[in-house]
Each structure stands twice: as structure tokens, then as C-alpha cells.
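The values are calculated or read from the model by the stated rules, or taken from the named source; none is laboratory data. As the structure is a computational prediction, the values presented were derived from the model and not from experiment. Neighbour counts run over all protein chains shown; Cβ positions are idealised from the backbone, glycine included. With ligands, DNA and RNA removed, areas are computed over all heavy atoms of the protein, side chains included. Shrake-Rupley method; radii C 1.70, N 1.55, O 1.52, S 1.80 Å.
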Amino acid sequence: MAEVGVATGPTIASTPGRWLATLGRQRELSLIVLMLVMGGLVSLAAPQFLSISNLSQVAVLAAIIAVAAVGEALVVITRNVDLSVEAVMGLVAYCVAFILEQHALDAPMAIAFGIGLGLVLGMVNGVIVTVFRVPAIVATLGTLSIFRGLDYLIAGSHEVPVGGLPPGFTDAAHGDFLGIPIFVIVAFVVAAIGTIVLRWSRFGRQLYAVGSNPEAADVIGIPSRRVVFTAFALCGLLGGVAGVLWVVEFGVISGTAATGVVLAVIAAVVVGGVNIFGGSGTVAGAALGALFLGLIANALILVGLSQFWLQAIYGAVILAAVTADAFIQRRIVRAAAHGRAR
């Protein structure tokens, strides 16, 4: 019985389900169209915007946010949120950089340690939310401060310079394969794996089922708490990957690494079509959202506007996306109720 519930959960109430799936695809398509339109408009004022070198730089920076956004999307789909992602990235970045500076581990082992640390921090969030039943927004707001405080405690005033890293360690930030930046390839692989898992695995179906209706998911035998715990663990793991990429990209690392990134990550998730109320969205959309926001940030620089506008834009994007999702959700509920009445 449980297996039947898992398999059919995402397609129950076929019309609302199809509407949400169609909306998700339209959100991704609309982002691509918006990026093309924005590229044309910004290039009129700043022709260098569409240059290969500029777009490559934007894509590299967006790839770091995209990796973290894929993990965040998994959590948001379950009707939760992880506000600690920036602290996970920062703590992993400093620990990896410091280990390399002290020659405690070689580069591959230091990278593995950083990703493993991110996984452990994500598991801590998962335990607090699923075992102690603390609301995710409260739990991760607390761990955001704890992880960041731990980062400050370990780092102090020390800053790892580029020269403290192994020779060639930061080369990947500027490297490419067949003309495609390596960071973009990493982000693409992460998003592709996430898409496969969500679309074709039992865990993916369970993730959507839990986000759509946690109580119903429990009734049909889906282990909701285990699913949510796994989502937080994977978010931490991908936060660890993003933290390692941060070291490779910036080289100079202190206890303040990745400060303020959480707003960009969550904005990328919601603008990419992941419903903040859970149950729908794609990791590919979250990755596209990261690229879209990266292009906006770059455009502000090229047209000479203050970067202070960027925080306002992130906030406006989150509000607009959440408002749109709430409106669509109400329309779907009313349509479903009208259909049952008929």
C-alpha cells in the first residue's frame, strides 16, 4: 500500500498537478526570455555586457550560487527553508583554506573534508527540525548564527592569502573545457543530478508528496521526517561544495566569507519557480534563477548603478515570486473546489 501511495502521490488531483507542472516549465522559459531581453537592453548602454569574457565571469560567479540554490530548492520543496546556507559555505570555505595553508591535508582530501563538513552541518539542521520539531525558519536562523560564530571563533582576525593555497589550486576558477567554464560544468552536473533524482527516483516523488501535503504523505506511508532530514543533509552537502568553489574563486578567505549570500540563494530558488509553500518547482529553475540574478548584478555594475540596489532587487524578487505563488495557489484551490462541486 505504501509503495502505491508513493508512486501516485504527485499525480493525485490531476488538474492542479498539471497546472503546477506547466507553471514550472513556463517560469523557466520566462527566465530565459527575460535574460535575452535584458541582455539586449543592457548591451545598448554597455556593449561589453554581451562579451564572452563578461558572460563567462558572470556564469562562474552564478555557478557558486546555483550549486547552493539546488540544495536550498530541495529543502523548500518540502515546505521548509534553510537560512544557514551562507554560514555553511563560509565555515567550509575557511576550514578548507586553513587546512591547505597549514598543509594538514592535500587538496583532494581537503576538498572532501569541506564537502563532508557541509554534510554534517546539514545533518545538524535536519536533526533539529525533524527530531526536536523546531520550525525550520527558527532552527536555521539559530544555526546561521552558531555556524557563523564558530567561523569567527576559528578564524579570528586571520585571513588565508592566495599564496597560502597550493600552486594552481585557484586555476579552475578561470579554466574551461571545450570553451565552457569548469564552474559552469560543475553547476550543470549538480542540477542535472538533482533533476534526475527529483523526476525519476522514489525519493524525488516522496519529496514532492511531503511538500504538497505532509499529513497525507504520512497516511500513505511516506517517512516524512526522514525525507525532510535527507533534504537538509543534501542542502548542507551542496553548501559544502559551494564553499569549496568559493575558495577556488576568491582565494583570499577570512571568517566573513560568503556573508549575505543567503538572500541571493533564496531569491534564486523562488524566482526559479520553486514554490515557497512547498510541493512544486525544479532544481533547474533554481539554477536558472541564480544565473538571472547574476546577470542583474553584473548589469548594475556596467550601467554604473550602486550595488546597494542589488539587495533591494533580491528582496523585491522574493516578494514578487512569493506573492505570485500565493495567488496561483489560491486559484488552484478554488478551481479544484469548483470542480468537485460540479
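In angstrom, the C-alpha Rg and Dmax of the range 171-322 are 17.4, 56. Calculated over the range 130-183, the projected area of the Cα convex hull averaged across directions stands at 7.0 nm².
Leaving out ligands, DNA and RNA, and with a 1.4 Å probe, what % of the accessible surface on the chain is carbon or sulfur? Can you show the working numbers first?
On the way: 11430 of 16080 Å².
Carbon with sulfur: 71 percent of the solvent-accessible area.
Compactness of the range 251-342 was expressed as the Cα radius of gyration divided by 2.2 N^0.38 Å, which yields 1.40.
From the residues A341, I146, V189, which one has its Cα farthest along the dipole of the chain in the positive direction, the dipole being from +1 and -1 charges on Cβ of Lys/Arg and Asp/Glu about the Cα centre? Most positive-ward Cα: A341.
If the chain linking I52 and M35 were pulled fully straight, counting 0.36 nm for each residue of separation and taking away their Cα-Cα distance, it would gain 4.6 nm. Under the shape rule built on the C-alpha gyration tensor, where the axes satisfy a ≥ b ≥ c, the range 95-159 is oblate, since a/c reaches at least 1.5 while a/b does not exceed b/c.
Here r is the Cβ-Cβ distance between E215 and I193 and R0 is 35 Å; the resulting FRET efficiency, rounded to 0.05, is 0.70. Using the Stokes-Einstein relation with a Kirkwood hydrodynamic radius computed over Cα pairs, the translational diffusion coefficient of the range 238-290 at 25 °C and a viscosity of 0.890 mPa s comes to 201 µm²/s.
Determine the gain in length on full extension of the stretch S201-Q311; use 0.36 nm per residue of separation and subtract their C-alpha separation, reporting nm with one decimal.
Values: separation 110, 0.36 × 110 = 39.60 nm, distance 3.65 nm.
My answer for the length gained is 35.9 nm.
Expressed per residue, the C-alpha convex hull volume of the range 97-208 stands at 155 Å³. Taking label points 7 Å from Cα along the Cα-to-Cβ direction, I180 and A341 give a separation of 5.0 nm. Structure remark: mean-square fluctuation, Gaussian network model of the chain, C-alpha springs under 10 Å; the largest value among I115, I52, I64 belongs to I52.
What net charge is computed for the residues neighbouring G240, neighbours being all others with C-beta under 14 Å from the C-beta of G240, Lys and Arg scored +1, Asp and Glu -1? Write out the running numbers ahead of the final one.
Numbers: positive: none; negative: E72, D82, E86, D151.
Combined, the nearby Lys, Arg, Asp and Glu give -4.
In this rough spin-label picture, where each label sits 7 Å from Cα along the Cβ direction, the S43-T256 distance is 3.7 nm. The residues of the range 146-239 present an accessible area of 54 Å² per residue when probed at 1.4 Å with all protein chains retained.
Full extension of the chain between Q102 and S145 gives 12.8 nm of extra length, using 0.36 nm per residue less the Cα-Cα distance.
GNM on the chain, alpha-carbon springs under 10 angstrom: the most fluctuating residue among R226, R331, R79 is R331.
Mind pulling the per residue volume of the convex hull built on the Cα atoms of the range 22-124? Å³ is fine. If you can, show how the numbers build up before the last one.
Values: hull volume 15.5 nm³, N = 103.
Per-residue hull volume (Cα only) is 151 Å³.
Comparing L44, L291, L198 in a Gaussian network model of the chain where C-alpha atoms under 10 Å apart are linked, the largest mean-square fluctuation is found at L44.
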